[in-house]
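A short write-up of the structure that comes next.
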Amino acid sequence: MAPLDPPAAKKLTKKDFTSDQEVRWCPGCGDYAILAAIQRTLPELGVSREKSLFISGIGCSSRFPYYMDTYGFHTIHGRAPSFATGVKLVNPELDVWLITGDGDGLSIGGNHLLHVLRRNVNVQVMMFNNRIYGLTKGQYSPTSLVGLKSPSSPMGSIDAPVNPMAFALGANARFVARGIDTMIKPLTGLFKEAHAHKGTSFIEILQNCPVFNDGTWTHVTAKDVSSDMQLWVEHGQPLLFGKDKKKGLVISGGDAKVVTVGEDGVTEADVTVHDETNLGLAFTLAHLLPPAFPMVFGVVYRNPGPAYDESVVAQVAEAVEKNGEGDIDALLRSGHTWSVE
Amino acid sequence: MDTPVSQDVTRKTLESVVIRFAGDSGDGMQLAGTQFTQTSAVAGNDLATFPDFPAEIRAPAGTLFGVSGFQLHFASKEILTPGDEPDVLVAMNPAALKVNLSDVPSGGFIIINSGAFSKANLKKAGYESNPLEDGSLDAYRVLSIDISRLATASVEHTGLGAKSALRTKNVWTLGLLYWLFDRDRGPTTEWLKQKFAKKPELAEANIAALNAGHAYGETAELPVGVELYKVPKAKLPPGTYRNIEGNQALAWGIAAAAKLAKTPVMFGSYPITPASSVLHAIAKLKHFGVTTFQAEDEIAAVCSAIGASWAGAIGVTSTSGPGMALKGEAIGLAIMIELPLVILDVQRAGPSTGMPTKTEQADLFQALYGRNSDAPLCVLAPQSPGDCFAMAIEAVRIATKYMTPVIVLSDGYIANGAEPWAVPSFADLPEIKVEFHTDPEGFHPYLRDPETLARVWPIPGTPGLEHRVGGLEKNFDSGHISYDPDNHHKMTQVRAGKILGIANDIPEQTVELGQEGGKLAMVSWGSTFGAVNEAVRQARSQGKDVSHIHLRYMWPMPRNLEALLKTYDKVVVPELNNGQLAHVLRGEYLIPAQSLPKVAGKPFRVGELLRAIDDALEGKESN
């Protein structure tokens, strides 16, 4: 079962991870940038093509595996976590990237996402959140805002949206991060952090659908607002944002307050320092939404624990150690038998 | 009354006996039944069992719907069914009597725990007067004993609490039956010692109750018509035997297949009645190279198995009808990407939740056709508990050789039913050859074996074979996504042809009893083998021109089946559904197969099949 080792360590490039398939996303789709970011990241991680797996569900984002020259599995709607779990239980050495979207992962596949996160299977989950169904032509998704007019909600959506990051934290995910499609450099950094994390790492990527929900994140990503609306967290560093990093968050008892350093006697020491192991803090940060607050980005929560796939394999090894390799003849004759002469 | 019995008694020899144990679901009837079964196996009888229990875990005591039953047929001849009607009914309370009495033939022997026939219990069972007193049991031979009191008294010396003491009444009854039917108490005594190894006081009390029941039989005056019996050994082929239940055999068959294929199994499953015990049995076999995964739902279970197959293991999932419905889309994906997958469907009465603990064979259509679009796969159906072992192995062989999902249609009847099984040797089991593709030269993921049409099995981790698979249609020549109309037509034909080709790799259809050609063929499939075979045997012994054909390969069907069926004047298809196989045979072969449906949550009785054979030979429609 052990996968074969690569023939010779050759330094791979972005091109080595690019398949010969024509990319068929709409012009201007945020997915292009994410694809470029991952194709750039993999060579830097020093991983091999044959051990890298991209597993997706159904939706625009789920076409992703076809464009990667690795092993890829375009499965069925919402179920990618289950396929990925099966793969990892057979061969934990395989490096699995799970590609999903807000519809695939939080609507039809919400159940499976919950369980892959709480089990802590060692995979990287990338959720492209464009707050719309793209492939089925523009219906509202579970992350769409109330009031969104779409072909299936002509009078405006009345569904309360789910917050992907809070969902992941609620499911006991042990690595939760957020990035933005077009900010390739930080995204590459997040991919590396996610890859280094043992267990399920969950990255919500804000992604723009230029056809059905254009500009859904502009209030966060536009150049003129980005510094005020994005707070990139770093473990051990104060939660500062704004053009000159003068704005800060003070978080106390689950309440967040925006302060300005240097005003009203506030100093940098008053600003809350990010602790990525603090689940309560992570929950508070996950729920911050513009315009009253900036959205948080980066690794919001990281608290490693045993990876499910490794624990399963360890149980099998333990059973072999305890009972020896299974003997079918002994099994069939176990318990009560009798002889007929 | 007869004279009191003594040790040197004369016993009446019987060829076969059917005993039904019935009581509250908390009365330990399943335990009494399985112990009598084990003991009869040691005594050398052929046997068949059928447990029948309510879905409620702890149904309210004394109610009709809380009655749990266990029927055991043991004999000195070959038997294939648990018997139509009980010769002996053990009724531990009024509800058990009420539910089961109509099955007992006139003159049948009924052992009753009169201690449970209180006013309250009679009322719960819906009796207006006490049947022990109102003469309504006059047509039967009744042995009415206050088992509750006697069992409690027998364990008084052990200091057991009143509640626990009363619980020994099943073992006390077992002791009495062992006396009546000349069974050795040794195996049960040993079993009790092992079961209660950590609570020796309970072992001691139960053994005391067992002996007390036996002693009661030795000394008590038995009513008129009740004699002492013996059932001599059956003539079975020599070998090592064990009792086996269908679900246990499925689990062991899968473990054996993993060894035969030298390939690990990943068993992804979600609990569902009556399939859960397959998961329980296989979860104990991790050291056989089997990984078990209890998924969050039926869909995740099958998807994890498919993911495992893609990664190079044998993906297996187990379920029952409602779970099959949920798995449909994923099974379609496995058909599309052509990966091995084994789906064990332990059928139950439906539709929807139906009657979860009752048996049915009504998932045949779902197995054959229950997916979107043209999605053919292989379907097998074991014919008995022991055959589940062989068919699990056969499913893995076909799945890996043809890169296809295979559905195994077991059902609640053989899942929980047990039979003596001649234990095979591992060395005699069929070889399963599994080969992963490793050669990058000219590789694409849909390269096919020209003979079997199976595609290659390239597994992730293999350098140079990086590729993408998925549910989208693929080009025949490259494995790339394709929307080409002619290609889709071709691929649909290839998928169908691959499955049909399996017919060249399975045995030709044989005639179980009788001969090719004649007036009538009874065509059965799956778990009804025993009842149909017995009925045809009895009809033939009466000189009737009827043959038995039994299908274990449901799709593709054996290559000679059409020609064989066309040699009979009439084909009757008894099955535990509303006519599904009959429909398939009519559709496939344009033969006027006549349906004999039974949809009662219960297996066929030999008697009703005999009547159907008579009707068919006389030209009547039987329904």
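Scanning the stretch B:274-307 for residues that are at the interface with chain A (Cβ under 7 Å from one of its Cβ atoms), over 20 Å from residue B:394 (Cβ atoms) and not β-branched (Val, Ile, Thr) returns B:286, B:287, B:293, B:295, B:296, B:297, B:300, B:303, B:304, B:307.
Output yes when any residue across the stretch B:364-373 is modelled with pLDDT of 95 or more, under 16 Å from residue B:274 (Cα atoms), in a loop (DSSP other than H, G, I, E, B) and small (Gly, Ala, Ser), and no when none is. There is no residue in the stretch B:364-373 that is modelled with pLDDT of 95 or more, under 16 Å from residue B:274 (Cα atoms), in a loop (DSSP other than H, G, I, E, B) and small (Gly, Ala, Ser).
Within the set B:22, B:48, B:59, B:96, the sole residue that is modelled with pLDDT under 90 and either under 22 Å from the mean Cα position of the chain (by Cα) or crowded, with 16+ Cβ neighbours inside 10 Å (or both) turns out to be B:59.
Okay, residues lined up against (1) at the interface with chain B (Cβ under 10 Å from one of its Cβ atoms); (2) closer than 20 Å to residue A:143 by Cβ; (3) charged (D, E, K, R):
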{"residue": "A:79", "(1), (2), (3)": "yes, yes, yes"}
{"residue": "A:94", "(1), (2), (3)": "yes, no, no"}
{"residue": "A:98", "(1), (2), (3)": "no, yes, no"}
{"residue": "A:103", "(1), (2), (3)": "no, yes, no"}
{"residue": "A:114", "(1), (2), (3)": "yes, yes, no"}
{"residue": "A:118", "(1), (2), (3)": "yes, no, yes"}
{"residue": "A:123", "(1), (2), (3)": "no, no, no"}
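If a residue must be more than 26 Å from the chain's Cα centre (by Cα) and either more than 8 Å from chain A (Cβ to nearest Cβ) or in a loop (DSSP other than H, G, I, E, B) (or both), how many such residues does the stretch B:310-326 contain? Summing the residues that are more than 26 Å from the chain's Cα centre (by Cα) and either more than 8 Å from chain A (Cβ to nearest Cβ) or in a loop (DSSP other than H, G, I, E, B) (or both) in the stretch B:310-326 gives 3. Determine whether residue A:34 is at the interface with chain B (Cβ under 10 Å from one of its Cβ atoms) and either of a type outside the set (Ser, Thr, Tyr) or surrounded by fewer than 24 Cβ atoms within 10 Å (Cβ to Cβ) (or both). Against the criterion (at the interface with chain B (Cβ under 10 Å from one of its Cβ atoms) and either of a type outside the set (Ser, Thr, Tyr) or surrounded by fewer than 24 Cβ atoms within 10 Å (Cβ to Cβ) (or both)), residue A:34 does not qualify. Checking the structure you have, find out if any residue of the stretch B:63-85 is surrounded by fewer than 20 Cβ atoms within 10 Å (Cβ to Cβ), under 23 Å from the mean Cα position of the chain (by Cα) and closer than 27 Å to residue B:123 by Cβ. Yes, there is a match, as at least one residue in the stretch B:63-85 is surrounded by fewer than 20 Cβ atoms within 10 Å (Cβ to Cβ), under 23 Å from the mean Cα position of the chain (by Cα) and closer than 27 Å to residue B:123 by Cβ.
The rows are residues; the columns are (1) buried (at least 16 other Cβ atoms within 10 Å of the Cβ); (2) without any contact (Cβ under 8 Å) to a residue 24 or more places away in the chain; (3) of a type outside the set (Val, Ile, Thr).
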| position | (1), (2), (3) |
| --- | --- |
| B:188 | yes, no, no |
| B:192 | yes, yes, yes |
| B:200 | no, yes, yes |
| B:208 | yes, no, yes |
| B:232 | no, no, yes |
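Residue count for the stretch B:20-55 satisfying the condition of being assigned to a loop (DSSP other than H, G, I, E, B) and farther than 18 Å from residue B:194 by Cα: 9.
Looking only at residues of the stretch B:137-175 that are surrounded by fewer than 14 Cβ atoms within 10 Å (Cβ to Cβ) and assigned to a loop (DSSP other than H, G, I, E, B), we find that the one that is modelled with the lowest pLDDT is B:159.
Within this structure, residue B:329 passes the test of being within 26 Å of residue A:77 (Cβ to Cβ), within 8 Å of chain A (Cβ to nearest Cβ) and of a type in the set (D, E, K, R).
The condition (being buried (at least 23 other Cβ atoms within 10 Å of the Cβ) and more than 18 Å from residue B:244 (Cα to Cα)) is satisfied by just one residue among B:441, B:431, B:466, B:451: B:466.
Might you let me know whether the stretch A:58-77 holds any residue that is within 12 Å of chain B (Cβ to nearest Cβ), at pLDDT 95 or above and more than 26 Å from residue B:341 (Cβ to Cβ)? Yes, the stretch A:58-77 has at least one match. Would a scan of the stretch B:344-357 turn up a residue that is surrounded by fewer than 24 Cβ atoms within 10 Å (Cβ to Cβ), in contact with a Phe, Trp or Tyr (Cβ under 7 Å, 6 or more places away or on another chain) and away from chain A (no Cβ under 13 Å)? Yes, there is a match, as at least one residue in the stretch B:344-357 is surrounded by fewer than 24 Cβ atoms within 10 Å (Cβ to Cβ), in contact with a Phe, Trp or Tyr (Cβ under 7 Å, 6 or more places away or on another chain) and away from chain A (no Cβ under 13 Å). Of the strands (runs of 3 or more DSSP E) lying entirely inside the stretch B:385-493, those containing at least 2 residues that are within 11 Å of chain A (Cβ to nearest Cβ), under 30 Å from residue A:68 (Cα atoms) and in contact (Cβ under 8 Å) with a residue 60 or more places away in the chain span B:468-470. The listed residues are A:212, A:128, and the only one of them that is aromatic (Phe, Trp, Tyr), surrounded by 18 or more Cβ atoms within 10 Å (Cβ to Cβ) and over 22 Å from the mean Cα position of the chain (by Cα) turns out to be A:212. Only a single criterion out of (1) hydrophobic (A, V, I, L, M, F, W, C); (2) more than 19 Å from residue A:327 (Cα to Cα); (3) crowded, with 19+ Cβ neighbours inside 10 Å is not satisfied by residue B:215, namely (3).
For the stretch B:136-176, filtered to residues that are out of contact with any helix residue (DSSP H, G or I) (no Cβ under 9 Å at 6 or more places or on another chain) and of a type outside the set (Gly, Ala, Ser), the residue that is farthest from residue B:187 (Cα to Cα) is B:138. Number of residues in the stretch A:218-248 that are within 24 Å of the chain's Cα centre (by Cα), without any contact (Cβ under 8 Å) to a residue 24 or more places away in the chain and not in a loop (DSSP other than H, G, I, E, B) equals 3. Within the stretch B:86-108, residues that are polar (S, T, N, Q) reach partners that are part of a helix (DSSP H, G or I) with beta carbons closer than 7 Å, at six or more positions or on different chains, in the pairs B:93/B:116; B:93/B:121. Just to be sure before I move on: is residue A:77 under 28 Å from residue A:314 (Cα atoms) and out of contact with any strand residue (DSSP E or B) (no Cβ under 9 Å at 6 or more places or on another chain) in the structure I sent? Considered against the rule, which asks whether it is under 28 Å from residue A:314 (Cα atoms) and out of contact with any strand residue (DSSP E or B) (no Cβ under 9 Å at 6 or more places or on another chain), residue A:77 comes out as no. Against the numbered list (1) within 25 Å of residue A:204 (Cβ to Cβ); (2) more than 9 Å from chain B (Cβ to nearest Cβ), residue A:12 comes up short only at (1). Looking only at residues in the stretch B:524-564 that are out of contact with any Asp or Glu (no Cβ under 9 Å at 6 or more places or on another chain) and polar (S, T, N, Q), which one is surrounded by the most Cβ atoms within 10 Å (Cβ to Cβ)? Filtering the stretch B:524-564 for residues that are out of contact with any Asp or Glu (no Cβ under 9 Å at 6 or more places or on another chain) and polar (S, T, N, Q), the one surrounded by the most Cβ atoms within 10 Å (Cβ to Cβ) comes out as B:538. Tell me, yes or no, whether the stretch B:202-221 has at least one residue that is within 10 Å of chain A (Cβ to nearest Cβ) and within 30 Å of residue B:164 (Cα to Cα). No, the stretch B:202-221 contains no residue that is within 10 Å of chain A (Cβ to nearest Cβ) and within 30 Å of residue B:164 (Cα to Cα).
The values are calculated or read from the model by the stated rules, or taken from the named source; none is laboratory data. All values reported here derive from a predicted model rather than from experimental measurement. All Cβ positions, glycine included, derive from the backbone under ideal geometry; neighbour counts span all protein chains shown.
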